[in-house]
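Engineer: The structure under discussion is supplied below as structure tokens; questions concerning it will follow.
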Amino acid sequence: MSVGRPRTFSESDAVTAAMELFWAQGYEPTGMTQLLDHLGMARQSVYNTFGDKRSLYLRALNLYTTRALEEFERRLTSGPTAYDGLCEAVLSQAEIRDPLEKHGCMAVNAAAEFGVSDEDVKEAVSVFWTSGDSAIQKAVHKCIAEGDLPPGLDDKVAAASIHAMLTGMAVMKRAGRPEHQLRALATAALEALPANASF
């Protein structure tokens, strides 16, 4: 029985390349011809491997959210104290370390583009958001336990507030706001944490 012609591309590399293009442009503005050119793949190869453009987009979105969460959680636990890690994770979101980061957050962009019209996209964004909330809340809780944040602070409210600010920063990045403005916002959010103790 014939096993067919061997693949001449890496599936993981193709998903990464698709992620980069969708991240920069969004789903609707990215035409199939442009996508094929960017991937260096034939149309039939894409359909055979991924199904269609939407299926490839979902693969790309899930790759993005996995990587973004892993990096954020790594930074949250990178400091000698939980507070140091929290500051590192939050302030790092103001940086543009890679040209793609000027496009903001792919998950936030997906939420803005699709809203609730696509259940699979909605679910991917929801998981990303919930996981981010949980990671921040865990870090804030540890900051309280270590005495770097006041004991009366509501860790759930604080985490939600920080996450909302980070989402706003992602939109500001996509709008081309300079790093110093993003860093000032991130710093203000961290400095405001003790004020939440009365919630």
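Engineer: For segment 149-194, which whole percent of the accessible surface, found with a 1.4 angstrom probe, sits on carbon and sulfur atoms?
Structural biologist: 61
Engineer: Counting alpha carbon pairs within less than 8 Å and at least 6 residues apart, what relative contact order, in whole percent, applies to the chain?
Structural biologist: After rounding, I find 21 percent.
Engineer: Ok, one more. Kindly write out, for segment 146-163 in residue order, the coupling ³J(HN,Hα) from the Karplus curve 6.51 cos²θ - 1.76 cosθ + 1.60 (θ = phi - 60°), rounded to whole Hz, with x marking Gly and Pro.
Structural biologist: Coupling constants for segment 146-163: 7, x, 8, 10, x, x, x, 5, 7, 5, 5, 5, 4, 5, 4, 5, 5, 5 Hz.
Engineer: List, in order, the whole-Hz ³J(HN,Hα) value for each residue of segment 82-97 obtained from phi through the Karplus relation with A = 6.51, B = -1.76, C = 1.60 and θ = phi - 60°; use x for Gly and Pro.
Structural biologist: Per-residue couplings from phi come out as 4, 5, 4, x, 4, 4, 4, 5, 6, 5, 5, 6, 7, 8, 10, 7 Hz.
Engineer: Which ³J(HN,Hα) values, rounded to whole Hz and listed in residue order, are derived for segment 11-19 from phi using the Karplus coefficients 6.51, -1.76 and 1.60 in 6.51 cos²θ - 1.76 cosθ + 1.60 with θ = phi - 60°, glycine and proline given as x?
Structural biologist: In residue order, the calculated couplings are 4, 5, 5, 5, 5, 4, 5, 5, 4 Hz.
Engineer: How far is the Cα center of segment 76-110 from the Cα center of segment 159-180, in Å?
Structural biologist: Each part reduced to its Cα centre gives a spacing of 10 Å.
Engineer: Then there is this: Can you list the residues, at least 5 places off or on another chain, whose amide H is less than 5 Å from the amide H of residue 154, using H built in the peptide plane?
Structural biologist: 199
The values are calculated or read from the model by the stated rules, or taken from the named source; none is laboratory data. None of these values were measured; they are calculated from a predicted model. Note: accessible area is taken over every heavy atom of the protein model, side chains too, but ligands, DNA and RNA are not part of it. Shrake-Rupley method; radii C 1.70, N 1.55, O 1.52, S 1.80 Å.
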